[in-house]
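Reviewing the structure listed below.
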Amino acid sequence: MGIKLYKEPELNTPIMLCGWPGIGNIGISAIDSLRGALKAQEFGEIEPLDFFEPRKVVIERGLLKDLQFPSSKFYFQRIKNQDLIFFIGQEQPTEGRTRYAEGKKAYKIANLVLDVAEKFGCRRVYTSGAAVTQIHHTVKPRVWAVPNKQSLIKEIKEYENTIVMSEIDRRSSQGTITGLNGLLLGVARKRGLEAVCLMGEIPYYLQGAPWPYPRGSKSVLEVLTKILDVEVDLSQLDELARTVEENIEEFLESLYNAEAIPPQVRDEIEKLRYARPAEPGPITEEEQKKMMEHIDELFKEGGPQDEKHL
Amino acid sequence: MKSIFRFSERPNFENPSLIVGWEQDSGKLSPKVIEYLNKKFKSKSFCEIEPMDFFSLAGVVIENDVAQFPEGKFYYSQRNDLVIFKGNEPRFERYRFLNAIADLAQSYCKIKELYTISATSSPIAHTSPRRISVVFNQHQIPESLRGYGLQDMNWQGPPAISSYLLWVAKNRGIPGVSLWPEIPFYLAAGEDFQAIKLTLSFLDKKFNLGLDLAELDENIRDQNIKIDQLREEDSEINKYIGMLESELPLSEAEQVELTMKVTELLEKKG
């Protein structure tokens, strides 16, 4: 079990872009949108049995036809003078304990991805995820960038709409990137491979929401396309962002009307609507905690019910 | 690498069939069927799968006042054409656990086929006849299942452990069949003796087991009498069961009420 390559394209010091699901699916949505727009071709996969549970069984007239597992696939494309490898993982291997990958399986899959990166002589790896912060859902999200080498900081600071950890209020230069979007950076560092994680901002009251957050994905994609010097059509993401924003507004309004969350919490969310991103957050840690207690509970109540398994 | 199998005996088999049952199942169908067979044939465990890699061993679960411990055991009896496996569903490394079952069954026991038993809860009344749906992993298998009144299943969705095992068996070339007896949803938390009897009756015919299932008739009768009494005392419950008998759907609230009241009734001692 491990990597299965269907073909071995000849690539010249490619850049690898990796995406796994996470909060608001910001990272995977950005990377996968780029993969789709550039029509990258599939050339390999990581075999799923060591990492994942099957998602679906197909039984027709009594015959078990198929058992489907989450895919972890490699794609490649050549653009201008730049070769690219994409890795898209439909799920993070969780070992049944946590939502995001950790432990042996996570380490193993991160190494398999980087084995492919090294095999094809990748010069850099980008991952992407979400940065949970105090912004309103109508505000354009910034991109937090974390490299695995100090020497990359100067370059990163030149990216538009991008900040490094030390530029974020009250956080100094520290933080955590949960799951494989973060772990891959560490494993790449161990191998001496340059890697950067680009995280699109998401309002913290939406971090438990079951919807994607395309505004965050779009911000990441804007940075990536600049780095790669490619142009892609972002209109589909824009459309999805509008729909999601309408849904968020409707959802919040219904909560306010039903008095499911107190007026005080409403005021706190509304304060964020008018805050500039660079300002210190207009609400206190205590207020944030109170808001999360209400909103996370509401998302949990609307969560998926037990499904039938056969 | 340390083996995950622990043998206590090394019995001989003659091209046996493997019957797999799980500890947790709706209407306690799977464990009851396996317990019945093990009791009938005075089966003995000859090998178990070490639980360490597959279960959380951070303590024990208490069920019905008794501390439980996860297990996965193979049984043999004087019937050397049958191997029985009974186990808890693994929490971790499910593929490795299922592959281990198939590996031992194929390499050591030299099984010719595998049967899994799992219940599926259904919107039917307890007074309705039960049916067994069937899934098989090779095209030619249906031939050997003709004449037993089984129904071919159609399903696309999340797989249960039995379907996963059937797929593992398929990849190893082991012919496999999953039996899915239906049970009324409101008996899921208790025991459905009628479905247990139907399943045993199928196995009896299929493997010429010579079972006398009359003792289960008494359990079926007792359970039906209790539910009949509840129907007499509670007009709502009588209405809900009547609707199911007429194949009319119940709302979620009605299903919950019916399930709660029947479960409470059947849990009463005496």
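Quick one: B:LEU114 ticks every box in (1) in a helix (DSSP H, G or I); (2) in contact (Cβ under 8 Å) with a residue 24 or more places away in the chain; (3) away from every other protein chain (no Cβ under 11 Å) except a single one, so which number is it?
So the condition that B:LEU114 fails would be (1).
Would a scan of region A:251-259 turn up a residue that is closer than 30 Å to A:ALA37 by Cβ and modelled with pLDDT of 85 or more?
yes
Here is a yes/no grid of residues against (1) surrounded by fewer than 20 Cβ atoms within 10 Å (Cβ to Cβ); (2) more than 14 Å from chain B (Cβ to nearest Cβ):
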| position | (1), (2) |
| --- | --- |
| A:ILE59 | no, no |
| A:TYR107 | yes, yes |
| A:TYR126 | no, yes |
| A:HIS136 | yes, yes |
| A:TRP144 | no, yes |
| A:LYS157 | yes, yes |
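Mind listing just one residue for me: the one in region A:233-248 that is touching a residue at least 40 places away in the same chain (Cβ under 8 Å) and not hydrophobic (A, V, I, L, M, F, W, C) and, of those, surrounded by the fewest Cβ atoms within 10 Å (Cβ to Cβ)?
In this case the residue turns out to be A:ASP233.
crowded, with 17+ Cβ neighbours inside 10 Å, within 14 Å of the chain's Cα centre (by Cα) and within 24 Å of B:GLU182 (Cα to Cα) - does that describe any residue in region B:90-97?
No, because not a single residue in region B:90-97 is crowded, with 17+ Cβ neighbours inside 10 Å, within 14 Å of the chain's Cα centre (by Cα) and within 24 Å of B:GLU182 (Cα to Cα).
When you go through A:ILE79, A:ILE23, A:ILE46 one by one, which is the residue that is away from chain B (no Cβ under 14 Å), surrounded by fewer than 23 Cβ atoms within 10 Å (Cβ to Cβ) and among the β-branched types (Val, Ile, Thr)?
When all the criteria are applied, what remains is A:ILE79.
Against the definition (buried (at least 21 other Cβ atoms within 10 Å of the Cβ), within 14 Å of chain A (Cβ to nearest Cβ) and under 24 Å from A:ASP66 (Cβ atoms)), how does B:GLY157 come out, yes or no?
no
Select from region B:243-260 the residues that are touching a residue at least 40 places away in the same chain (Cβ under 8 Å) and either under 24 Å from B:ASP222 (Cβ atoms) or part of a helix (DSSP H, G or I) (or both) and list them in ascending order.
If the condition is that a residue be touching a residue at least 40 places away in the same chain (Cβ under 8 Å) and either under 24 Å from B:ASP222 (Cβ atoms) or part of a helix (DSSP H, G or I) (or both), then B:LEU244, B:GLU245, B:GLN255, B:LEU258, B:THR259 are the ones that fit.
Checking the conditions here, which among A:VAL230, A:VAL220 is surrounded by 14 or more Cβ atoms within 10 Å (Cβ to Cβ), at pLDDT 95 or above and in contact with a strand residue (DSSP E or B) (Cβ under 7 Å, 6 or more places away or on another chain)?
After ruling out the rest, the residue left standing is A:VAL220.
Please specify each residue of region B:241-267 satisfying the condition of being more than 24 Å from the chain's Cα centre (by Cα) and either modelled with pLDDT under 95 or surrounded by fewer than 16 Cβ atoms within 10 Å (Cβ to Cβ) (or both).
B:GLY242, B:GLU245, B:SER246, B:GLU247, B:LEU248, B:PRO249, B:SER251, B:GLU252, B:ALA253
Tell me, please, whether a residue that is at the interface with chain A (Cβ under 7 Å from one of its Cβ atoms), within 22 Å of B:ASN99 (Cα to Cα) and part of a helix (DSSP H, G or I) can be found in region B:134-152.
no
Could you please let me know if A:GLY208 is surrounded by fewer than 24 Cβ atoms within 10 Å (Cβ to Cβ), under 22 Å from A:ARG242 (Cα atoms), small (Gly, Ala, Ser) and at pLDDT below 95?
Against the criterion (surrounded by fewer than 24 Cβ atoms within 10 Å (Cβ to Cβ), under 22 Å from A:ARG242 (Cα atoms), small (Gly, Ala, Ser) and at pLDDT below 95), A:GLY208 qualifies.
Assess whether A:LEU252 counts as being crowded, with 17+ Cβ neighbours inside 10 Å, farther than 30 Å from A:ILE79 by Cα, without any contact (Cβ under 8 Å) to a residue 60 or more places away in the chain and of a type in the set (A, V, I, L, M, F, W, C).
In short, yes.
Please state which of the following conditions B:SER128 fails to meet, knowing it meets all the rest: (1) at the interface with chain A (Cβ under 8 Å from one of its Cβ atoms); (2) assigned to a loop (DSSP other than H, G, I, E, B); (3) not aliphatic (A, V, I, L, M).
(1)
Pairs only if they're at least six apart or on different chains, beta carbon under 8 angstrom, first in region A:219-231 and under 18 Å from A:ARG123 (Cβ atoms), second among the basic types (Lys, Arg) and outside any helix (DSSP H, G or I); list them, first residue then second.
A:ASP229/A:LYS80; A:VAL230/A:LYS80
I'm trying to understand the selection: among the residues of region B:210-222, which are out of contact with any helix residue (DSSP H, G or I) (no Cβ under 6 Å at 6 or more places or on another chain) and touching a residue at least 12 places away in the same chain (Cβ under 8 Å)?
Passing the criteria: only B:ASP217.
In region B:173-207, how many residues are in a loop (DSSP other than H, G, I, E, B) and within 13 Å of chain A (Cβ to nearest Cβ)?
Of the residues in that region, 3 qualify.
What number goes with the only condition from (1) closer than 26 Å to B:VAL262 by Cβ; (2) within 13 Å of another protein chain (Cβ to nearest Cβ) that B:TYR164 does not pass?
Every listed condition holds for B:TYR164 apart from (1).
Given the criteria of a type outside the set (A, V, I, L, M, F, W, C) and in a loop (DSSP other than H, G, I, E, B), does B:GLU35 qualify?
No.
If we scan region A:82-104, do we find a residue that is within 14 Å of another protein chain (Cβ to nearest Cβ), in contact (Cβ under 8 Å) with a residue 40 or more places away in the chain and closer than 30 Å to B:PHE136 by Cα?
yes
Answer yes or no: is there a residue in region A:121-136 that is modelled with pLDDT under 90 and at positive phi.
No, region A:121-136 contains no residue that is modelled with pLDDT under 90 and at positive phi.
Does B:PRO70 satisfy being within 13 Å of another protein chain (Cβ to nearest Cβ), surrounded by 15 or more Cβ atoms within 10 Å (Cβ to Cβ) and farther than 30 Å from B:GLU252 by Cα?
No: the conditions fail for B:PRO70.
Within region B:58-84, how many residues turn out to be in contact (Cβ under 8 Å) with a residue 12 or more places away in the chain and farther than 27 Å from B:LEU203 by Cβ?
Result for region B:58-84: 1.
The values are calculated or read from the model by the stated rules, or taken from the named source; none is laboratory data. The shown structure was predicted, so the numbers you read here are calculated from the model rather than taken from an experiment. Here Cβ is always computed from backbone atoms with ideal geometry, including for glycine, and neighbour counts include all displayed protein chains.
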